[in-house]
Every structure is written in C-alpha cells, then in structure tokens.
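What follows is a single structure, written as structure tokens, with notes after it.
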Protein chains: 2
Amino acid sequence: MIINIPTSQQKRLVIIGGGFAGLTLAQKLAKSDLQIVLLDKNNYHQFQPLFYQVAMAGLEPSSISFPLRKTFQNSKNVFIRVTEVEEVDTQKNEIHTSIGSLAYDYLVLAIGADTNFFGNERLAEKTIPMKSVSEALFLRNAILEDYEKALSTANYDDRQGLIDIVIVGGGPTGVEVAGALAEMKKYVLPKDYRELDCDEVDIHLLQGSDCLLKGMSSEASESAYKFLTDLGVDVKLNVRVTDYDGEYVHTKDGTKIRADKVIWAAGITGNKIKGLPKESMTWGNRILVNRFNQIKGFENIYAIGDIAFMTEEAYPQGHPQVAQVAIQQAKKLGKNLPKIIQDKTPKPFSYNDLGSMATIGRHRAVVDLPKWKFQGFFAWMIWLGVHLFQLIGVKNRLFVFINWLWNYLTYDQSLRLIIRPKVKKETSLENSKAQN
Amino acid sequence: MIINIPTSQQKRLVIIGGGFAGLTLAQKLAKSDLQIVLLDKNNYHQFQPLFYQVAMAGLEPSSISFPLRKTFQNSKNVFIRVTEVEEVDTQKNEIHTSIGSLAYDYLVLAIGADTNFFGNERLAEKTIPMKSVSEALFLRNAILEDYEKALSTANYDDRQGLIDIVIVGGGPTGVEVAGALAEMKKYVLPKDYRELDCDEVDIHLLQGSDCLLKGMSSEASESAYKFLTDLGVDVKLNVRVTDYDGEYVHTKDGTKIRADKVIWAAGITGNKIKGLPKESMTWGNRILVNRFNQIKGFENIYAIGDIAFMTEEAYPQGHPQVAQVAIQQAKKLGKNLPKIIQDKTPKPFSYNDLGSMATIGRHRAVVDLPKWKFQGFFAWMIWLGVHLFQLIGVKNRLFVFINWLWNYLTYDQSLRLIIRPKVKKETSLENSKAQN
C-alpha cells in the first residue's frame with residue numbers, strides 16, 4: 001500500500017519525527033518549494049522539558065502538547081500522517097510505515113532518542129521511564145494510586161513500598177522529578193493524606209557517578225545537591241543500580257532499597273530505524289552525519305537532533321542530546337537544504353551553546369550561561385521565563401503560566417486526578433450483564 | 001479485611017458515590033457530629049453536563065473533574081477511600097468493597113446511574129457510551145484517530161465508516177454531541193484535514209420517539225430540531241435502533257446506516273449494588289425511597305440522586321434523573337439526617353424544578369424556566385453562565401471560561417490530541433529488545 005499523498009511537481013521531503021528537530025525543520029521549509037510530508041507516531045508535538053511536571057500533577061498533558069495539524073493549518077504543501085516508520089529503503093528511495101510506503105526525494109530522520117535500559121529487560125519491564133507525555137501520565141496515575149493504596153495497607157514494609165520512590169539517574173530529569181516529589185511531600189501530602197505519616201515518605205535519588213547534573217558546572221551540581229538534600233531527598237552518588245525485581249532496587253555495592261515505583265532516567269539511546277548500513281551508526285545508537293547533517297554514505301538522507309552524531313572542533317565527542325542542538329540543526333538544515341538542491345554551497349553547522357539549566361523546586365534552580373553561572377531564586381525566575389517562552393502556542397503558554405501562578409500562590413497542584421481513557425468496552429458489557 | 005478508618009466516638013455515616021448527590025451531602029455534613037466516610041471508584045468528582053465537550057476536544061478532562069480530597073482538606077472527620085462497593089449487608093450494618101469491609105451506623109447510596117443498553121450485549125460491546133470522563137476521552141481519541149485513518153483509506157465506503165457518526169438518543173447528551181460534532185465539521189475539519197472532503201462527513205441523530213429533548217417544552221424540542229438541521233445534522237425521529245454489528249446500525253424499519261462509531265445515549269439505568277431486597281427496587285433499577293430518602297424497609301439506609309425513586313404529588317412517576325434533583329435531595333437529607341438522629345421531626349423532600357436547558361452550538365441553546373421559555377443567543381448565554389457557575393473549584397471555572405472564550409474567538413478547539421497514558425510496559429521492553 002502507498003500512503004496517499006497528492007502527487008506534485010515539487011520535490012518531496014519526508015521528515016520523520018515531530019519533536020523539536022522535525023517540527024522546526026518543517027516550519028522553516030513550510031513556505032519553500034518542497035512538498036513536505038511530516039510523519040510522527042503521535043498527532044502532537046510534545047514539550048519534553050516539562051514532562052516531569054505532568055508526572056507531578058502540576059500541568060495537564062494538553063498544556064505541553066501541541067497538535068501538529070494546527071501548526072500547519074495554513075501550509076498547503078505540508079502533509080501530516082500519524083504512523084510509525086519501520087524501515088528506509090535507501091536503494092529505492094522510499095520508506096515503509098505501518099500505514100504504507102512512501103517515496104521521497106529527500107529524507108530527514110528526526111526520530112530522537114528513547115530511554116536506555118542498557119539491555120536489561122527486567123529494568124525495561126519493571127521501571128517507569130519518562131520520555132513521553134503518556135509515560136508521564138502513567139507515572140502520575142501510579143503515584144496517586146499508590147498513595148490511595150497505602151491508606152489501606154497496614155503492613156509497614158508494604159506501605160513503605162507504596163509511598164517511597166527511587167529515581168535512578170541524576171541528570172536534569174532525575175533532579176527535577178526528585179525536587180518536585182519532595183515538594184509534593186512537603187506541601188500536598190499532609191493536606192490530602194492526613195492519615196498517612198508523611199515522614200514515612202522517602203525519596204531516593206541514585207546517581208552512578210560522583211556528581212549530579214553531569215555536563216553542567218560544578219557550581220550547578222553542588223547547588224542541586226544542596227537544594228535536594230535541604231528538601232529531604234536522599235541523594236546517593238556513586239551508586240550503580242544493577243537490578244530491580246519489582247520490590248527491591250539492587251545496587252552494585254550490595255544494598256537494596258524497597259520501592260514499588262522506580263523511575264528510570266539513567267540514560268537515552270537513539271530510536272531505531274531499519275535499513276541504514278552499520279557504517280552509518282555509532283555509539284548510543286546515533287547516526288553519523290557530516291557538518292551538513294548528511295548521513296554518512298548518502299546524498300539525500302539527513303539526520304538531525306538527538307539521533308544525529310556530528311563532531312566539530314569544540315565537540316569531538318558529538319553534541320549533547322538536548323533541545324537546543326536539535327533546534328539549531330533544524331534551522332541550519334532549513335537554510336542548507338534549498339541551497340544543496342540548487343547546487344549552491346551550504347554552510348557547515350556549528351553549535352552555539354546558549355547554556356543549560358535545571359529547576360529543583362520553588363525558588364530553586366541552577367543556570368549555566370556561557371559567561372555566567374548562578375543558582376537560587378533568580379535562576380528559578382529565568383528557568384520559568386525561558387520554558388514558558390519556548391512552549392508552542394499562545395494558549396499553552398497562557399495555561400502553563402496560570403497553572404504555575406496558581407500552584408505558586410496556593411502551594412498546591414490541583415490536577416491530582418487518576419483519569420484514564422476507557423480502553424476496552426468490557427466494563428459496559430459487564431454493566432449490561434449485571435442488569436440482565 | 002476491614003477498611004482502615006480511625007475508630008471514633010462519633011456515629012459513622014458511609015456515603016457511596018461522589019457525584020452531585022454524594023458530594024453535596026458530604027459537604028453539608030462535613031462539620032456535623034458524624035464521622036463521614038465517602039467512597040467512590042474515582043478519586044475525583046466529575047461534572048457530567050460537560051462530558052460532551054471533553055469528547056469534542058473543547059475541554060480538558062481536568063477542567064471538569066475535581067479531586068475529592070481537595071474538597072475535604074480541612075474537614076477532619078471526612079475520610080475518603082477510592083474503591084468499588086460490591087455489597088451491603090443490611091443485617092450486620094456493613095458494606096463489602098474491593099479493599100475490605102466497613103461497618104456503618106448510617107448508609108447513603110448515591111451510586112447514580114450508568115448507560116442503559118436494554119440488555120443488548122452487542123450494543124454494550126460495540127457502541128460508545130458517554131457517562132464518565134474516561135468514556136468521553138475514549139470518544140475523543142476514537143474520533144481523532146478515525147479522521148487520521150480516513151486520510152489513508154481509499155475505499156469510499158470504508159472512509160465513510162470512519163468519518164460518519166451515528167448518535168442514538170435525542171436527549172440532552174445526544175443533542176449536545178450532535179451540535180458540537182456539526183460545529184467541528186464546519187469550523188475545524190476544513191482547516192485540519194484539507195485533504196478530506198468535509199461534505200462527506202455525515203452526522204446522524206436517531207431518536208426513538210417523535211421529538212427531541214423529551215421532557216422539555218415543545219418550543220425547546222422544535223428549536224433544537226431546527227438548530228441541528230440548520231447545522232447539517234441528519235435528525236431522524238421515530239427511529240428505533242435494533243442492532244449494531246460494528247459496521248452498520250440496524251433500525252426497526254429495516255434501514256441500515258454505515259458508521260464505525262456509534263454513540264449510545266439512549267437511556268440510563270441505576271447502578272447495581274448487591275444486598276438490597278427486591279421489594280426495595282423498582283423500574284429502571286432505581287431504589288424506592290420515602291419522602292425522607294429512606295430506603296423502603298430500612299431505618300438507617302438512604303438513597304439519593306439518580307438511583308433514588310421517590311414519588312410526590314407533582315411527580316407520581318418519580319423525579320427526573322438530573323443533577324438538580326440530586327443536589328436538592330442531598331441538601332435536604334443533610335438537614336434531615338441530624339434531625340432523625342436526634343429524634344426530631346424531619347421535613348419531607350419536595351422537588352423545586354428550576355428549569356432545564358440544552359445547548360446545540362455557537363449562539364444556540366434552549367432554556368425552559370418554570371415561567372419562561374426561550375431559545376437562541378440569549379439562551380446560550382444563560383447556558384454558559386449557569387454551567388460555569390455550577391462547576392466546582394475556582395480554577396476549573398477559570399480554565400473552562402478561558403477555553404470557551406478562546407474557542408469562541410478562534411472558532412477552534414485546540415485540544416485535538418490523541419493522548420493515552422501508557423498502560424503496559426511492553427513498549428519499553430520492545431524498545432530495549434530492539435537495541436540488543
């Protein structure tokens with residue numbers, strides 16, 4: 001079956017992935033002379049930096065998700081299809097997806113990265129990742145359900161398992177989740193669950209190396225450590241998790257920690273796509289590209305964002321897998337691709353590091369700018385502003401802003417709802433049966 | 001197992017159900033001398049009148065759901081448990097739930113009603129009901145997914161099946177869903193799905209009797225009919241649906257209509273609970289109560305809201321199963337119960353019909369007040385105001401208001417997201433496997 005896209009005089013550019021990289025590129029080229037087909041497995045773009053706030057009941061999924069179709073309502077040569085791409089046929093210049101095949105003139109892989117369980121299937125099965133809105137929502141439901149269960153659990157150990165949480169990985173996600181959980185314990189739990197002894201709630205953050213927020217400055221690492229321990233988080237450095245059996249987290253030094261929920265934020269690995277030769281791949285399952293994001297060995301196939309591995313003078317080990325790189329690469333490719341098509345000389349990509357930041361909770365964040373590093377209240381204000389500004393859609397910005405203001409003033413998140421869309425229809429059937 | 005609620009000198013009132021009736025009663029008695037245990041299968045109260053807006057991507061589930069714990073944060077003798085109640089043991093004065101048993105001194109059943117499939121299991125299995133936020137969200141996802149699928153469906157009949165919708169039942173839910181779908185067809189689809197021929201989208205509303213909005217005035221019925229047909233809805237009166245095989249809706253007169261999605265809003269029936277004698281039950285699976293909402297045959301067990309069947313002079317056939325009755329009964333019982341406990345004389349309940357209303361779309365609604373009936377723009381303004389005012393929580397009101405204003409000004413709903421919380425962990429596992 002062939003995906004039904006109108007034939008056109010224009011050359012066809014297929015972009016796989018509607019994350020920061022793919023979406024930015026499609027926007028840049030929306031008015032170009034190319035027919036653009038944007039493919040994603042979801043019908044929305046998701047704003048990864050705020051997943052943890054969805055998981056902590058601070059934001060609604062819709063506030064940080066943006067329908068792809070809305071972005072391109074006025075772009076007549078952009079076509080969107082919701083599907084999973086399975087394979088590239090580089091010989092025939094076509095891709096194979098779950099809804100059919102599609103030929104391309106130019107192909108851009110912006111397929112991003114997913115949680116890395118380092119091949120450990122038990123960890124993959126039993127721990128909770130946080131690389132999508134759906135996973136964040138799953139975590140929100142799991143946390144709230146376990147607090148409810150804890151109320152009816154008399155056994156001390158079992159209750160500890162329900163209310164304690166282990167977070168593996170001290171990068172931005174791990175640090176932000178730990179901070180938000182600590183604040184939930186401090187401000188929300190005592191009000192919502194008067195019958196629970198909130199002192200019993202333990203939040204463990206385990207980091208394999210000797211500092212948090214690796215990749216940021218030592219000032220940032222140390223402040224994050226201080227902020228988290230001040231909030232009562234049990235931060236353990238140099239602790240390697242070897243296994244999780246669903247009840248206990250096992251570490252390399254032989255200790256074990258009881259927890260029914262383990263959040264796995266210990267690393268990412270590139271999403272797989274079949275059909276590329278081994279020579280195009282490198283470690284972390286990333287795709288080797290040159291300074292024009294062209295995949296090694298191909299003229300008309302490109303990779304951008306987390307999945308791409310490009311080295312330049314300042315980054316001999318490749319760029320960090322962050323939103324800024326994805327956006328900058330997409331913008332550059334948006335300029336280079338029309339040049340390449342017209343046989344003009346493209347300009348090589350060079351990453352301009354604008355800095356990085358992470359927030360730990362109320363009034364607490366760490367910011368590393370190229371020439372200035374600071375932590376605390378002002379950093380927190382900057383963090384809020386930058387993230388608000390980066391969101392797509394005026395309405396999303398408005399809703400996130402009101403939510404933040406509300407939560408700030410009331411010391412409360414009001415989204416503590418365990419809502420799941422009905423999945424199967426058995427319930428109605430049972431209901432009907434019961435009435436017969 | 002016994003549900004772990006602190007023992008107390010106070011008499012214990014157990015309320016089953018956190019809908020309009022149960023929640024209102026718990027609020028009224030929160031400061032009384034009773035220990036109150038509120039049980040619901042969800043951890044939130046849901047605002048039923050706006051379910052259809054969730055299904056139509058106009059509102060977020062969280063905007064019309066309110067966490068029960070938040071309501072009672074400052075009520076020290078109100079205890080909340082999330083569970084399904086299975087049985088009442090009226091001999092031992094205790095209830096049995098999925099998390100254990102619980103003794104009561106007084107019991108109030110506010111268990112409400114669910115969709116009535118009239119014993120037809122195939123309808124129960126294949127059609128989509130709309131009696132919970134979860135079901136509304138399921139419908140939203142189904143509609144959006146089918147539009148996506150339609151883009152890749154070349155066969156005309158199959159495509160019709162995906163984009164056409166049949167709504168069975170011309171009560172408020174059916175009318176409001178039909179109106180909202182018609183507006184989506186008119187304002188949103190042409191922008192989001194330029195490649196679809198929107199004229200192909202058919203919305204069928206089938207009503208078994210000879211008028212819409214049965215129970216409202218003939219002016220309201222006729223205006224609703226006119227508003228809907230003006231919007232392009234195919235309204236069919238006196239049509240009885242006999243079956244739905246997943247592809248075709250079959251009606252009593254032998255016609256059949258192709259549609260992959262059939263919304264079933266043709267009636268409700270009381271939720272079941274085991275342990276009550278047959279003599280306490282009446283038609284529609286409702287529970288017979290006297291004018292003090294006492295269940296026939298019991299002194300300390302009450303029923304309020306949709307599940308209760310009470311007759312009074314003006315309502316020899318029982319009250320309509322609407323929010324107003326539920327709220328008024330709860331308020332009255334909130335006053336009567338302390339009197340009954342203190343052996344004072346309670347006052348009999350009498351329903352004060354404040355009127356009813358339904359909205360059909362932009363600028364179109366019908367309102368029946370006791371002394372005044374009107375339709376159109378002003379009715380629509382009244383509908384908006386009343387529903388906004390009835391929502392629980394200042395933040396919910398604010399968010400619904402902004403959403404409405406936004407949608408009104410932009411002719412657009414921006415929640416067209418197909419988001420599901422991750423259910424199982426197979427996906428991560430597969431991902432992990434793929435990397436090995």
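Of all residues in the stretch B:8-31, those being more than 13 Å from chain A (Cβ to nearest Cβ), polar (S, T, N, Q) and closer than 19 Å to residue B:76 by Cβ number 3. Of the residues examined, residue B:18 is one that is at pLDDT 95 or above, in a loop (DSSP other than H, G, I, E, B) and over 20 Å from residue B:142 (Cα atoms). Do we have any residue at all in the stretch A:321-337 that's in the same structural domain as residue A:93 (by TED's automatic domain parsing) and part of a loop (DSSP other than H, G, I, E, B)? Checked against the condition, which is being in the same structural domain as residue A:93 (by TED's automatic domain parsing) and part of a loop (DSSP other than H, G, I, E, B), the stretch A:321-337 yields at least one hit. Test residue B:134 against the criterion of being at pLDDT 95 or above, surrounded by fewer than 24 Cβ atoms within 10 Å (Cβ to Cβ) and among the hydroxyl-bearing types (Ser, Thr, Tyr), and give yes or no. So residue B:134 fails the test. Residue B:210 satisfies every condition listed in (1) under 30 Å from residue B:374 (Cβ atoms); (2) outside any loop (DSSP other than H, G, I, E, B); (3) of a type in the set (D, E, K, R) except (2). Here B:200, B:195, B:183 are screened, and the one residue that is modelled with pLDDT under 95, more than 14 Å from chain A (Cβ to nearest Cβ) and in contact with a helix residue (DSSP H, G or I) (Cβ under 7 Å, 6 or more places away or on another chain) is B:200. Among the residues of this structure, residue B:389 does not count as one that is in contact with a His (Cβ under 9 Å, 6 or more places away or on another chain) and outside the structural domain of residue B:293 (by TED's automatic domain parsing).
Residue by residue, here is whether (1) closer than 25 Å to residue A:223 by Cα; (2) more than 14 Å from chain B (Cβ to nearest Cβ); (3) among the aromatic types (Phe, Trp, Tyr) holds:
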position: A:356; (1), (2), (3): yes, yes, no
position: A:360; (1), (2), (3): yes, yes, no
position: A:379; (1), (2), (3): yes, yes, no
position: A:404; (1), (2), (3): yes, no, yes
position: A:410; (1), (2), (3): no, no, no
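Where strands (runs of 3 or more DSSP E) fall wholly inside the stretch A:224-273, the ranges with 3 or more residues that are more than 23 Å from the chain's Cα centre (by Cα) are A:248-251, A:256-258. Name the single residue, out of those in the stretch A:306-335 being of a type in the set (Asp, Glu) and in contact (Cβ under 8 Å) with a residue 24 or more places away in the chain, that is farthest from residue A:172 (Cα to Cα). If we take residues in the stretch A:306-335 being of a type in the set (Asp, Glu) and in contact (Cβ under 8 Å) with a residue 24 or more places away in the chain, then A:312 is farthest from residue A:172 (Cα to Cα). Filtered by the rule that a residue be crowded, with 22+ Cβ neighbours inside 10 Å and either out of contact with any Leu (no Cβ under 7 Å at 6 or more places or on another chain) or under 14 Å from residue B:131 (Cα atoms) (or both), the stretch B:169-178 gives B:169, B:172, B:173, B:174, B:176, B:177. Restricted to the stretch A:283-303, and to residues there that are within 23 Å of the chain's Cα centre (by Cα) and not polar (S, T, N, Q), the residue that is surrounded by the fewest Cβ atoms within 10 Å (Cβ to Cβ) is A:283.
Here is the figure for the stretch B:353-402: residues that are among the basic types (Lys, Arg) and in contact with an Asp or Glu (Cβ under 7 Å, 6 or more places away or on another chain) total 2. Selection of first residues in the stretch A:223-245 that are closer than 14 Å to residue A:203 by Cα and in the same structural domain as residue A:262 (by TED's automatic domain parsing) and of second residues that are of a type in the set (Gly, Ala, Ser) and assigned to a helix (DSSP H, G or I), restricted to Cβ pairs under 6 Å at least 6 apart or on distinct chains, gives the following pairs, ordered by first then second residue: A:228/A:178; A:231/A:182; A:232/A:182; A:233/A:178; A:233/A:182. Restricting B:366, B:322 to residues that are away from every other protein chain (no Cβ under 14 Å) and surrounded by fewer than 22 Cβ atoms within 10 Å (Cβ to Cβ) narrows the list to B:322. Among the candidates A:196, A:212, A:205, A:181, the residue that is out of contact with any Cys (no Cβ under 8 Å at 6 or more places or on another chain), touching a residue at least 24 places away in the same chain (Cβ under 8 Å), surrounded by fewer than 19 Cβ atoms within 10 Å (Cβ to Cβ) and among the aliphatic types (A, V, I, L, M) is uniquely A:196.
Among the residues of the stretch B:112-123, the ones that are farther than 30 Å from residue B:329 by Cα and free of Cβ contacts under 8 Å to residues at least 60 places away in the same chain come to 1 in all. Applying the criterion of at least 1 residues that are within 9 Å of chain B (Cβ to nearest Cβ) and within 19 Å of residue A:35 (Cα to Cα) to the strands (runs of 3 or more DSSP E) found wholly in the stretch A:51-120 leaves A:78-82, A:100-103.
The single condition from (1) crowded, with 21+ Cβ neighbours inside 10 Å; (2) not in a helix (DSSP H, G or I) that residue B:306 fails is (2). Return yes when residue B:48 is away from every other protein chain (no Cβ under 11 Å), crowded, with 24+ Cβ neighbours inside 10 Å and out of contact with any Lys or Arg (no Cβ under 7 Å at 6 or more places or on another chain) and no when it is not. Criteria not met by residue B:48. Scanning the stretch A:124-146 finds no residues that are assigned by TED's automatic domain parsing to the domain that holds residue A:39, in a loop (DSSP other than H, G, I, E, B) and within 25 Å of the chain's Cα centre (by Cα).
Say whether the condition of being touching a His at 6+ places or on another chain (Cβ under 6 Å), surrounded by fewer than 21 Cβ atoms within 10 Å (Cβ to Cβ) and in the same structural domain as residue A:296 (by TED's automatic domain parsing) is met by at least one residue in the stretch A:69-90. Checking the stretch A:69-90: at least one residue is touching a His at 6+ places or on another chain (Cβ under 6 Å), surrounded by fewer than 21 Cβ atoms within 10 Å (Cβ to Cβ) and in the same structural domain as residue A:296 (by TED's automatic domain parsing). Please verify whether the stretch A:188-199 includes one or more residues that are in contact with a strand residue (DSSP E or B) (Cβ under 9 Å, 6 or more places away or on another chain) and hydrophobic (A, V, I, L, M, F, W, C). Taking every residue of the stretch A:188-199 in turn, none turns out to be in contact with a strand residue (DSSP E or B) (Cβ under 9 Å, 6 or more places away or on another chain) and hydrophobic (A, V, I, L, M, F, W, C).
For the stretch B:144-168, filtered to residues that are touching a Lys or Arg at 6+ places or on another chain (Cβ under 7 Å) and closer than 30 Å to residue B:380 by Cβ, the residue that is surrounded by the most Cβ atoms within 10 Å (Cβ to Cβ) is B:165.
Scanning the stretch A:179-213 for residues that are out of contact with any Leu (no Cβ under 9 Å at 6 or more places or on another chain) and over 23 Å from residue A:132 (Cβ atoms) yields A:187, A:188, A:191, A:192, A:194, A:197, A:199, A:200, A:202, A:204.
Of all residues in the stretch B:113-172, count the ones that are within 23 Å of residue B:50 (Cα to Cα) and small (Gly, Ala, Ser). Number of matching residues: 9.
The values are calculated or read from the model by the stated rules, or taken from the named source; none is laboratory data. Note that the structure is predicted; figures quoted are calculated from it, not measured. Note that each Cβ is placed from the backbone with ideal geometry, even for glycine, and that neighbours are counted across all protein chains shown.
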